[in-house]
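Worksheet for the structure shown next.
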Amino acid sequence: MKKSSFHFCIILTFFLSASQVLSQNTKVDKPNFIIIFTDDQGYGDLGTFGHPTIKTPNIDQMATEGQKWTSFYVAANVCTPSRSAILTGRLPVRTGMYSNTRRVLFPDSGGGLPAYENTIATLLKGSGYATAAIGKWHLGHLPQFLPTSHGFDSYFGIPYSNDMDRVNDITAKEAFDNSKIEYFNVPLMRNTEIIERPTDQNTITKRYAAEAVKFIAENKDKPFFLYLAHSLPHVPLFASGDFKGKSERGLYGDVIEEIDWSVGEILNTLKANGLDQNTYVIFTSDNGPWLVYNEQSGSAGSLYGGKGTSYEGGVRVPTVIWGPGNVKPGVISKMGSTLDLLPTITTLAGAKMPQDRVYDGFDLSPVFRGEEGTPRDEMFYYHGDRLFAVRKGAFKLYFYSNNPAGYPAKVEKLEKLTLFNLGHDPSERFDLANLHPEMVANLTKIAKQHSEKMVFGPTQLEKRIESPTQ
Ligand code: MG
């Protein structure tokens with residue numbers, strides 16, 4: 001062999017080994033992801049989002065060290081469709097997780113998230129991630145729809161809302177004003193088995209935290225994805241003895257402060273295992289506050305409307321993104337959505353986005369890093385199968401109206417469309433349609449183009465089984 005060829009071989013061998021080491025390191029260094037998803041927590045229900053009496057020091061610290069997103073949306077104003085969207089990155093109308101009559105799944109529902117849909121867990125699992133779902137699922141309680149059929153290695157939690165399976169001889173007023181665990185015969189599941197019924201909801205937040213801490217510690221040496229969907233502060237409200245009666249805000253505040261404590265447990269576990277520099281933690285809520293429950297419901301802060309509406313208070317949720325060294329601290333008023341988490345996480349994990357279907361999310365990772373630009377400039381607000389409103393930039397145009405309290409719903413097509421500038425007027429008080437006819441025309445066109453291309457999946461929410469799971 002000539003001397004130059006010999007040198008070339010040596011150099012080539014060096015580069016090959018270096019690239020092998022690099023690829024091994026890349027594998028080891030794949031980031032972890034934790035999504036903490038609360039239920040019916042309002043935009044105003046965190047210290048860092050301005051609540052005067054609820055104390056949330058752990059989440060507030062996450063916001064100081066990471067990013068507080070002030071214009072972050074869910075894709076639906078009630079549980080089931082919102083949950084389908086955060087996990088699939090697709091609008092509920094595409095995945096069939098919508099209905100105008102049965103807006104969420106119930107214990108007698110026979111449908112759920114179709115097997116065809118990819119979740120974040122399905123995609124990360126293909127890249128070697130350990131995956132766990134803890135908490136409320138609400139995407140189908142039959143075995144073929146449970147988390148273990150959608151990319152999660154394990155599941156611990158309640159399969160639908162904590163107010164379901166209410167016993168017959170208790171009035172709703174009694175059940176919610178003076179809640180007892182025996183009033184709600186909700187099952188607690190591990191994987192596909194019921195392990196407790198009724199679920200002891202007094203200790204549920206604590207037990208979710210313990211499961212989360214265990215999962216993190218057990219998987220500290222490989223990349224993981226944890227989806228922790230708290231069943232609270234959805235009514236009925238429950239808190240453990242350590243928190244009950246402690247908050248200035250009453251029982252609702254006790255519940256949020258216990259959730260905040262559980263966030264602290266998770267962050268401490270990440271730090272204790274040296275994982276805090278390689279883990280993204282995303283805290284958000286599935287929809288706005290359930291206003292008809294008065295003191296037992298949360299607050300949308302300065303926003304109009306609540307759960308069950310596509311006004312800002314129903315769909316804009318308090319969101320914090322934390323990732324020391326990876327997320328540039330700041331307050332982000334750019335638009336983001338739970339729809340964006342699947343493409344963002346997929347990108348950060350180095351996994352591939354499937355090319356065989358339409359996704360409705362954008363990769364927000366440049367914003368996490370503090371780069372200029374706005375990946376998302378539009379938001380489409382659906383109420384069941386109806387396109388209720390559309391936002392582009394600061395402007396939001398409504399095609400329908402509703403009861404701002406959400407319940408009873410009173411969805412009506414508007415004769416005259418209404419337009420709001422959410423930059424100047426986040427509380428949606430001043431209709432600008434007459435002042436900006438060009439903006440009304442532009443947003444109407446955007447909505448029309450979107451609707452013309454939309455392919456609706458068949459609804460999964462109206463299917464029934466003959467008898468609920470017992
Ligand atoms: Mg909810």
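Points to keep in mind about this one:
- Of all residues in the stretch 290-307, those that are within 13 Å of the ligand (Cβ to nearest atom) have Cβ atoms under 6 Å from Cβ atoms of residues that are open to solvent by 50 Å² or more (accessible area, probe 1.4 Å) and modelled with pLDDT of 95 or more, 6 or more apart or on another chain, in Ser297/Leu291; Gly306/Leu291.
- Out of Gly89, Gly96, Gly50, sole residue that is more than 16 Å from the ligand (Cβ to nearest atom), surrounded by fewer than 20 Cβ atoms within 10 Å (Cβ to Cβ), at pLDDT 95 or above and under 25 Å from Thr309 (Cα atoms): Gly50
- Looking across the stretch 196-252, the residues that are touching a Gly at 6+ places or on another chain (Cβ under 6 Å) and assigned to a strand (DSSP E or B) come down to Leu228, Ala229.
- For Gly128, the criteria (1) closer than 25 Å to Phe380 by Cβ; (2) away from the ligand (no atom under 16 Å from the Cβ); (3) part of a loop (DSSP other than H, G, I, E, B) hold in every case but one, which is (1).
- Selection status of Ser337, open to solvent by less than 10 Å² (accessible area, probe 1.4 Å) and small (Gly, Ala, Ser): yes
- In this structure, Ser84 does satisfy being polar (S, T, N, Q), touching a residue at least 24 places away in the same chain (Cβ under 8 Å) and within 16 Å of the ligand (Cβ to nearest atom).
- Residue within the stretch 303-324 that is surrounded by fewer than 24 Cβ atoms within 10 Å (Cβ to Cβ) and within 30 Å of Asn421 (Cα to Cα) present: yes
- Some residue of the stretch 349-361 being closer than 20 Å to His150 by Cβ, within 18 Å of the chain's Cα centre (by Cα) and open to solvent by less than 30 Å² (accessible area, probe 1.4 Å): yes
The values are calculated or read from the model by the stated rules, or taken from the named source; none is laboratory data. A quick note: this is a predicted structure, and the numbers were derived from the prediction, not measured. So basically every Cβ, Gly included, is an ideal-geometry build from the backbone, and we count neighbours across all protein chains shown. Quick note on the areas: whole protein, heavy atoms, side chains included, nothing else; ligands and nucleic acids left out. Shrake-Rupley method; radii C 1.70, N 1.55, O 1.52, S 1.80 Å.
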